[in-house]
Each structure stands twice: as structure tokens, then as C-alpha cells.
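The structure appears below as C-alpha cells.
Please treat every number below as a calculation from the coordinates, not as lab data. Computed from a prediction, not measured in an experiment: that's the story for all the values here. Cβ atoms come from the backbone with ideal geometry, glycine included; neighbour counts cover every protein chain shown.
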Amino acid sequence: MDKISQSVVKKDHATKISGRSVYVADYPSEGVLCGKLLHAKVARARVVRVEVPELPEGYFYVDAKDVPGDNNVNIVLDDTPVYCRDTVEYIGEPIAMLCGPDEAEVERLRDACRVVYEELEPVLDLRAATETFFDYHYGHGDVDGAFAEADAIYDEEFETGYQEQAYLETQGMMAEPEESGRMFVHGSSQCAYYIHGAVARALGCGPSGVHILQDVTGGGFGGKEAFPSILGCQVAVAARKCGRPVRCVFDRREDMEYTSKRHPSLCRYKVAVKDGRVTAMDIDVVFNAGAYSTLSAVVLQRGIIAAPGVYDVPNLRVHGCARKTNTSPCGAYRGFGAPQTFFAVEMMMDHIARDLGVDSLAFKQAHLVKQGDSTSTCGRYHFPVPLPAMIEEVETACSYREKRAAYAKPQTGRYRRGIGMSLYFHGAGFTGSGERDLIKAVAKLRKYRDGTVEVLASNGDIGQGVRTTFPKIVAHELNLPLDKVFYDHPDTARVPDSGPTVASRSLMIVGELLRRAAIHLREVWVDGEEQEVEERYKEPDFMIPFDITKFDGDAYPTYAWAVNAIELEIDTLTGTSKVLGAYGSFDVGTPVDYNIVLGQMEGGFLQGIGYASIEKMDCDDKGRIRNNSFSDYLIPTTKDVPNLRCMLHVEKYPDGPYGAKGAGELPLVGAPAAYLEAVEQALGGSSLHHAPFTAEDTLAVIAKEGV
Amino acid sequence: MVNGYVAASLSEALEIRAAHDVVPYAGGTDLMVENRPNVTYLFLNKVPELKRITVDDEFIRIGAGVTFTEALASPDVPPLMKEAVSRIAAPAIRNAGTFGGNLGNGSAKADSVLIEFVADAKLRLVSKGCERVVDVDKFYLGRKKLDLRSDELIAEILLPKQGLEQYSYEKVGGRNALAISRVSFAGVFGLEDGRITNVAAAFGAVADTVLRYKDLEATLLGKTVEEAKALKADYLRAYAERMTLTRGRVSAEYRKNVCMNLLDAFLTKFGIG
Amino acid sequence: MADIRFTLNGRAVAYAGSAGDRLLDVLRRDYRCTSVKCGCKEGECGACSVLIDGVLMNSCCVAMGAVEGSSVVTMEGFRETERFAALSKAFGDLSAVQCGFCIPGMVLAAEALLSKNAHPTEDEIREGLSGNLCRCTGYNAIVNAVNNAAKEGNGLW
């Protein structure tokens, strides 16, 4: 193991485990007003008026009229309002915030507000939705020709549902007017500079009029990428009006029902096969964006770029669109569009193999991309594709092929077994040229007179460990003990914009900037002096420039790779399933801390297993999400899986620090396909097309098809 | 104490219960989730008379204030009840939740109540200077409706000492811990001199109260296993016709299907294949 | 009216508020025990776990009247113990703490388990922690850390 990979005790371990860490809800309440949002109760309506009860002294009602600047939150487009405009577009849309010193009284006043609606017909069904936020096409080769010459054509549709991030700490932000007039906003978040831009715009005050601090954050998984920008604006506007600090912390039901989650999807795959090989894919991807566009453009881009999977498809046509429905806006969640399409393509390949009477894994292996091949967007896989070796690692861990053959034979008895395998990648970092053209990351190191070094960057530790791994890199290059290098939660008043904490980019991109900065500092180091060095992002030379209008070029500099196998047993009387073993080989390059990376793989893998099986959320016929509590939206407990077997395969990436590449999102992406393939086998060879696949779904198949 | 009374003894608790408008608080795990505004609680969690498990000639008597964790540690609580109770939620909930509270909450999803139904348990209800014993199925009048007067408290659950040895228990939740039952099933079987003496089957979490059909059970009583086998198809059909399930987060169809599968498996387990 | 008297982390305290108030809210607001986290207020996540008379409880599901005469221990008290030090080391060695929000409750669940069963099997550890949701770790590191603490902290429990 490389020296850099050797695990250390995390820098924030002691404060977190002892309960001393201060999350946004933990600041004292003295002098702080409690804010509670008044949420829309109908899916689509014109708001005629709001009848606000008489407010006691010290209590405030805040809405769009109180926004001093622009009532639009910039995410990708500007369509998300801070507080609703004259219509509400989904159940839960924030109409106003009630603020005051006593929480119970604020809730009472909020509940006493009477909103008079003129109801409009909502669009709730994705299939019936016609308004499209984003619509993309790309492809290459002669798709129609390949279909004309095909021996067989397969045409199947796959569906996936919502997934809720279910971070243990709910959304929460706090705004404090400072004496200078500057607004200080802090809270649970991933992207301090996104919030900075949004709040400055809402307050109409310019960038120097605000600063944003990331508080200790109890999990994000993408859910705190864009949403805190909206909530941050809401509390900032409230604090400006009230002239006092305002804090708004969501309760669990509010959070589950109204905040962003993974996009539900419909993916239709038409595949041409000739001489036992896939010759073309014609893919149509539809994502349910919800009521506002938020991050749907970029989620969809990643989803459709991943649509042909890890396979070499000579002729490819992909169409993707994100449609508007009157439901909670969907947003970022670990994997960012790719879990949906990887689920579809892996199931599709499995179904084709079964129809051809060939082994699913062998069929997939025969189509694997390799180094030098073209990517779906006519970029290149510049680096080795280690999937064949990783398949054998998983094989060694779980005897996949032997079990797969054994469980394919007819089974009897109450419990039936199956095993499935998925192969996948995750494009490391931002899609396309975002890093170069939009983010332009800057990171700094500040050395103090006593020889300690501070990392200045804007990437928030949300549990993934950047407060430890960033200093590890710097200490390594400066040959300093780790306790001489520190990295606090970012405050935009003191750190440069090194970009958001998203897209599995922090360690690979910003970590590399810090490595270079440390080398620079080492070169100019003068004892006893305060010194500062800065590094800026430079795109690697090998990149084929990406054109987003054509989806052409290198969408990602490199890829993280994974192979998962899941073995399970279903109960034919109840439809419930039991995971007997979950195995994964993950290549995220060099781990900058073995335990930290392993923890990312294990945690993401279990989220993927949950997504595949028990994490079911949907809307009723009014557009209301009913699965809004931990008793209704089920995430795995300790008793739902055995210890997961995760292995790290290291294929170093030369432009990442010590060979590291994107890590955090990868392990979630492929679990659903491995899980569903196993369920298919346990059910005696059914073809399944949706995730999550619940006990109820399993029993429905048994009732229809027998076992 | 503001908005609450802490009773140190059962007699004190009954005095307070008779004199004030109070909500009996045993473990709190359901009440605190309901979070009713402006209620006054009568705290029973430290009443010693309600915390005992005793055995007499006829019954295992479980105090209403006994927690699930305490029952799991008791040598006197029968395995069927322990199996059901061990599957409730998770340790912290089992440490707080009580048998009396599980009854008093009135839910058909209550896992200990299912066992009380299938076991023909009785409840001892007490009030100031008065007590009565009722069959558990008579205690449940409907959804969240109980035969409990405003001056009464549940004192004990009386489980028959014998006859619970041969059983099936199944809990179907959404996951393996912290799971609310979507279907729960308990069956108790008895055979003497080659004839069926008991074939009780109870279904939880599928209707307003626990379902049990004693008239259908009666059609197998006194029969030999062979005779029962011949009747099985009709027997299952009769259940299928009778069971009308309420809709929940999972469909009524699914739950009905599970109920019938589990009933079938229960009969098969005891030779009625 | 009489206050509600109980001990909090070994110190005698008296609460003058309503007997129906949630222990979770009172601990956080009145006694500033902010290690006790609110994850759901419905007994479904375990982030607010405390020990009451040595027994693991969800403090969101406990009304103040029920703690009259009891001993309540939160992480603010438990972190002063040797047992905490052993658990903290075991968790630290495996980087079992990610976002940290579930962790004070998780550690108290581990303490409750080990104080009843000093040498649990993996299944017993998973049972003991089953009411404490963690979304970050997939539980491997936490389960393994509790296992290591039980072994290395031999004699502490």
C-alpha cells in the first residue's frame, strides 16, 4: 500500500464522536428567531391571497415581497423562486416563512395562515407530461442501418423511482445580519460558493455583502448541493426583514416530502443484435424533473452519457429529456443520473443474453470497452479499463460463476436463491468542460509563522473526509506531521472558490491543486514567515475538448470502475428478500486514505442496495408524497445486510493526486442491476424492469408466473 | 408536576385515573409520536404492581407495565410471545414499550396483541375498588376503540399456561429491524389422541383489529390430520372469502396473498399438507 | 407544583416545565446537551438515544414525567468514561465516523449492548445497533469497531 493510503484517525473524529461538533441546530437559541416555512398544500394553483393571522410583537411574515434583490435562485437556470411567485407548482412549495422567538408559537401562526388558492390542473404523471425542461440528442454510427441488418431486435422499457438521500441531519440554514451590514449565512451544506452567489443575488447586495460558512454537516449525498442555496436565500431574506438572526431547520417529514431527491426515470432501450453481438442501441431516457429545473440539465447529461454502459456499441442514438411535473423538484443524489441508465443497460444486456441462451457475464464481457476505445460521446478511454481483472476479484470473493450456474437450476422449497452481477463506471468529476469553463477552481495554502499550514478551499466535509484527506496530501508533500496541517469548514469570507463538493471531484481535482500547492510551498518555504501559495485548475492536455451542444468529445478525463455481485434469497410466501452477500471491487485509483475510501464504498453500496429493494417513494393522485417519514420510507438498518465485502482495485490516474480519481458516487451506481439480476434468477428467470423491486413486486410475479 | 401525575402504586394510579382527565402513559413510544396537544399524562412506568410477571395454576400473568425487554428476559414468558416481541422495532423501543401500552394504543399492528388473540388471552382491567376480566377479542371494539372505561387501567395480561407449545409465527415488515408489521401471523396447533384440539390462526396489521375466525377453526376441531387434509382446500377458500383487508402503504392484494400463504404453510407445518 | 427531579450525567437537576415535554427537546434546549440529535422525533432513527437508568431509550419518545427519579446519561456524561475512550479508539481506528450525526446515539447503543453482553457476536452487535440508522457507512465499520472495542476493552464491560 502506498504511504499516502495508510489510514489515519480522522481529524474530526474526536469532536464528532464526543458529541462536541456543532451542527446548525446546535447553536444556542438566544436571540435567534425560529423560521418555519408555509408550504403549498396543492400541486398547482394561483395563490389568490394569504390571510395571515395577527402577529404578536416580535413575529414576522416573510414572502416574495420582502426579497430585496432577485426572487430567482440561480441553479442552472433561474426558474426556482426564493418564495413562490403568483402560482405554486408543487405540494410543499415555500409560500412564506413565519419567524419568531418561540418555535411552538411560530408553528401555530404558520398553521393559522389561510392560503386562498385558485386551483389549476396539475401534471403528475411523467408519461403524460408534455413540458420539457431539457432535451438532448447525440449518437454516432449508422443506427438505422444496423437495425435494418439485425438478426434480432430487443425493445424494453425500464423504470426507476424516487430515492431520498435520507441524510440523518435534515436541511437547516441560519442567517445572521452582521453589524457591518453584511449577511452571514451558515448551515448544513455542500457548496458554500453556490449559496454565496444565490444569497448575494436575492439580497441584491453584491458578493461582498454576504459570506457563507459550511457548518458541520450531517450527510449530503447530493441532497445538500442545490437545496441549501434556496433555503439560504429564504433565511437571509427573513433575517434582513427581521433584523435578527433567523434559523430554519426542517423536520423529517418536511425534508423527505419537499426537498430534492433522485429523479424517477423511464428508459426505453431498442437494441440490434447481429451474429450474437450488439450492433446498435437506440435509447430514449426520460427523467421526472419535478416542478422546477434545478439541476436536471446536468443530471440528465450524465445519465444519457452513461446510457450504453461499459459496452462498445458501434452505432448509438440517445435521446434524453427532463420533463416538468407538478411534484417536488428532483436534484442531485450520489450517481447523478447514472444509476438510472446503468440499471437499464445492465438489465437489458442480461435479458438479451438470456434470450440468446448465453451466459450473461460472458455476453457482457464480450462487449466491454477497453483502453483506446471511443466513449459514447466519441471521446476516448485514455487509461486502462480494469474490469476483466475486477470481475475475477469478485469471482474469487464469492464464487460467482459456480453460484450463478447452481441457482439457474430448478429450485424447490420456500426460499429460492439468486446471484447477479453488474459492471459499471462513474465518470470522474464534472461532465464536459464545466471544470475548465465554469468552476475554474482556486485553492490556497497559508503557512503561519509557527510552521502550521492551513488549507484554504471551499469543499465541505460532509462525512467523506476532506478535512482529513486534504491535510494528508499537504502534510505528505511538506513532510510535516499531520497535526501541523489543518482544514476548517469553509467560510467564503476567507477561502477561495475551489468549486462545489459534488461530482466526486473534491479529492481528484482540488486534492491535486493542493498537492501542487504544497510542492510549491515546499520550494519557497522560509521558516518563521507567514506565506501563502495558490494553485489554479488546468485541464489535462490529453483531453478531447467536449462540446455540450453535440455531446462530442471527452465527457470525463477518466473513470472509476466497479464490479458488484449480490447474492440473495427470496421467501416465496412473503416476497421478502434477504441479502446473503454483497461483493464489490471498486477502482477509484489510489485511495488517499484506505479506511476513508473503503467507508465510502461500503456506504454507497448499501445505499444502492436500498435503492434496489426497500426504498420506495411515490406520489398519490393529488401529487403528495406519502412516504415522508422513516417509518414509511425505509432505509437499510444493521440487520438488513451482512458485512459488505468491498475490495479496492487500484488503477492510478496520473492527473489525480498520487493516482486518485473520483470515488464518492461510484459505489451506488450499479447495485440495483446486480440486485435485480439476482431476484430474476431466484424467481426462476423472470424478466424484471423496475427498481425498487419490493416484496410486493416479488409476490406479484410469483402470483402471475408461479415459481 | 405540570401536566402530569406520577403514580407510585396502583392504588394511587387508580385514584388519579378516577379523579382526573388523564392519558395513561406506559412506555410513551406511541404517545410521543402522536404528540397530542394539551394532555395530562398519568405516568405508570414506575408502578410496581404493573411491572410483575407471575404464574398461577392457569395463567402466565404479565403486568401491563412490563416492557418487551423485560419479558424477553423472563423464563416464564412462552416462546411464542418472546418470538413476536423480539421482532418489535429495535432495542430502545423494546426497552420502553410495554404490553399494556401495546394494547392501549389500539392498533391491529401491535405485535404482542396478535399473540394474545391467538392464545385466547384475557385482560384484567382495574378501577378504584373494582376489577373485571375480559377476553382480549372482546376488548377490541374496532379501530382504535377499546372496552376501557375512563377510570380503568389495564393491569395484567393473562396468557393460558398450556397449549402454546406448537406454533407458527411470522412477521412481515418492510425490513428486518425498525419495521412496522405489514402482515403478522400467529398459529397455534394442538393434537390429542390423534384429533385436532386447537388450530387457532390470527392475522395482524391487515384490518382494523386482529383477525381471527373461530367458527372456521371449529370446522377442523375434532378431526384427524387426514380428515383435515381432505378439508384443507375448502378451509383455505373459506378464509379467502372471509378476509377483507384494509388498504395500507402496501396493497390489500399483497397482504391477502401473504396471509393465505402463511395460513397454508402453518397447516402444512403440522401435517395438514 | 413540584418540579421533575432526575439526575443528568450524575448531577441532580429539577425541571419546572411540563411533564409532557419531550426529553429530547428539554435536553437540547434547557440543559444544552446538544450531542443528543434530533433525526426524526418518531423513534425511528436512534440519533437521540440516551441511557435512562442504564437502559437505551429514544429521548424523542420519552415525556419528562417519565424520568422523574431516574438517571439520564447523554454523551456529555458518557464521554468522560473509560468505556467511551475504548469505543472512541475503536471507531477512530476504522474511520467509522463519517458525517457524525448518528454517532453519539450509536455509541450509546454500543454501550448499552456491551454492558449487557460484553462479548457479542456480529449478529448480536447488529441486533444491538438495529435501532440506530446510519446513512453514511453501510454499517461495516461501525459493527467492526464495536467488535474490536469489545475485544480490546476486555474487562471494561
Q) Nearest-5 percent of antiparallel DSSP beta bridges in the range B:4-160? A) 80 percent
Q.
Rounded to the nearest 20 debye, what is the charge dipole size of the protein assembly as shown about its Cα centre when +1 sits on each Lys and Arg Cβ and -1 on each Asp and Glu Cβ?
A. 980 debye
Q. Which whole-number value in Å³ per residue fits the convex hull of the alpha carbons of the range A:585-674?
A. 124 Å³
Q: Provide the FRET efficiency to the nearest 0.05 for the A:L482-C:D53 pair, computing r from the beta carbons and using R0 = 30 Å.
A: 0.15
Q. Which FRET efficiency, nearest 0.05, do B:D56 and C:V13 yield, Cβ-Cβ r, R0 51 Å?
A. 0.75
Q. Could you give the longest part of chain A that holds none of the GluC sites (Glu not before Pro) found in DSSP loops with at most 15 neighbouring Cβ atoms within 10 Å?
A. A:180-528
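Return the loop-located trypsin sites (Lys or Arg not before Pro) in the range A:59-141 (DSSP other than H, G, I, E, B) with at most 15 other Cβ atoms within 10 Å of their own Cβ; answer none if there are none.
On the way: sites: A:K65, A:R85, A:R108, A:R110, A:R114, A:R127; in loops: A:R85.
Filter output for the range A:59-141: A:R85.
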**Q.** trypsin sites (Lys or Arg not before Pro) restricted to DSSP loop in the range B:1-85 with at most 12 other C-beta within 10 Å
**A.** none
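Starting from the Cα gyration tensor of the range B:167-269, multiply each eigenvalue by 5, take the square root, and state the resulting semi-axes largest first in whole Å.
Numbers: eigenvalues 133, 41, 23 Å².
Here the semi-axes work out to 26, 14, 11 Å.
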Q | Positive-end extreme of charge dipole, the protein assembly as shown - chosen from A:A560, C:L27, A:V9 (charges on Cβ) | A | C:L27
Q) Pick from B:V183, B:V172, B:V33: which residue has the top mean-square fluctuation in a GNM of chain B where Cα pairs under 10 Å get a spring? A) B:V33
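How large is the Rg to Rh ratio of the range C:4-76 when both quantities use alpha carbon positions and Rh follows Kirkwood?
0.91
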Q | Where only alpha carbons of the range C:81-152 are counted, the Rg and the Dmax (Å) | A | 10.6, 28
(Q) Restricted to Cα positions, what overall size does the range A:190-282 have along the principal axes? Three whole-Å values, descending. (A) 72, 32, 22
Q) For the pair A:Q371 and B:D137, how long in nm is the line joining their label points, each one 7 Å along Cα→Cβ? A) 7.4 nm
Q) Semi-axes of the equivalent ellipsoid of the protein assembly as shown: what are they in whole Å, largest first, if each equals the square root of 5 times a C-alpha gyration tensor eigenvalue? A) 47, 38, 29
(Q) Charges on Cβ only, +1 for Lys and Arg, -1 for Asp and Glu, centred on the Cα centroid of the range B:101-226; of B:N198, B:T219, B:L158, which one is farthest towards the dipole's positive end? (A) B:L158
(Q) Beyond 17 Å, how much of the Cα-Cα pair distribution for the range B:23-96 remains, as a whole percent? (A) 50 percent
Q | Sparse-neighbourhood loop sites, GluC sites (Glu not before Pro) in the range B:124-198 - DSSP loop, at most 15 other Cβ within 10 angstrom | A | B:E165
Q. Taking the alpha-carbon centroid of each part, what is the distance from the range A:400-454 to the range B:168-238 in angstrom?
A. 47 Å
Q | Inter-chain shielding of C:52-63 (mean C-beta neighbours from other protein chains, 10 Å cut-off) | A | 6
Q: Taking the Cβ of each residue in A:K324, A:K10 as the centre, tally the other Cβ atoms inside 10 Å and list the residues starting with the fewest.
A: A:K324, A:K10
Q) Computed on alpha carbon atoms, what radius of gyration and Dmax characterise chain C, expressed in Å? A) 15.4, 50
Q) By how many degrees, between 0 and 90 and to the nearest 10, does the Cα long axis of helix C:103-116 differ from the longest principal axis of chain C? A) 80 degrees
Q | Whole-number Å³ per residue for the convex hull built on Cα positions in the range B:4-160 | A | 105 Å³
Q | Sites B:D76 and B:L221, calculated FRET efficiency, Cβ-Cβ separation with R0 25 Å, nearest 0.05 | A | 0.30
**Q.** the range C:32-125, dipole about Cα centre (Lys/Arg Cβ +1, Asp/Glu Cβ -1), debye to the nearest 20
**A.** 300 debye
Q.
Straight-line reach only, C-alpha to C-alpha below 17 angstrom: list the lysines that C:K151 could link to, leaving out same-chain residues fewer than 8 apart.
A. C:K89, C:K116
Q. In peptide B:254-265, what is the residue-averaged number of other protein chain Cβ atoms found within 10 Å of each Cβ?
A. 4
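Would you mind checking the pairs B:K109/B:K269; A:K364/B:K256; B:K51/B:K269 and listing those with alpha carbons more than 29 angstrom apart?
A:K364/B:K256; B:K51/B:K269
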**Q.** Dipole magnitude of chain B about its Cα centre (Cβ charges: Lys, Arg +1; Asp, Glu -1), debye to nearest 20
**A.** 920 debye
Q | Fewest-first sequence of A:D282, A:D640 by Cβ atoms within 10 Å of each Cβ | A | A:D282, A:D640
**Q.** Length gained when the stretch A:D111-A:E534 is fully extended (0.36 nm per residue, less Cα-Cα span)
**A.** 147.2 nm
Q: With both partners inside the protein assembly as shown, how many of the DSSP beta bridges are antiparallel, as a percent to the nearest 5?
A: 80 percent
Q: May I ask you to derive the relative contact order of the range C:4-76, considering only C-alpha pairs under 8 Å and at least 6 residues apart, and to give it as an integer percent?
A: 42 percent
Q. If contacts are Cα pairs under 8 angstrom and at least 6 residues apart, what is the relative contact order of chain A in percent?
A. 16 percent
(Q) Given the C-alpha atoms of the range A:149-233, compute the convex hull and give its volume per residue in Å³. (A) 146 Å³
Q: Quickly work out the B:A8-to-A:D491 label distance, labels modelled 7 Å from Cα along the C-beta direction, and quote it in nm with one decimal.
A: 5.4 nm
Q. Using only Cα atoms, what is the ratio of the radius of gyration of the range A:482-638 to 2.2 N^0.38 Å?
A. 1.50
Q) Just how far, in whole angstrom, is the range C:78-157 from the range A:602-653 if you go by their alpha carbon centroids? A) 22 Å
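Can you tell me the length gained on complete extension of the stretch A:L356 to A:D251, counting 0.36 nm per residue apart and subtracting the Cα distance?
Numbers: separation 105, 0.36 × 105 = 37.80 nm, distance 5.13 nm.
Difference between extended and current length: 32.7 nm.
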Q. Using the alpha-carbon centroid of each, what span in Å lies between the range A:125-141 and the range A:488-520?
A. 35 Å
Q | Sequence-distant residues sharing a close amide H with A:C646 (under 5 Å, placed H) | A | A:G584
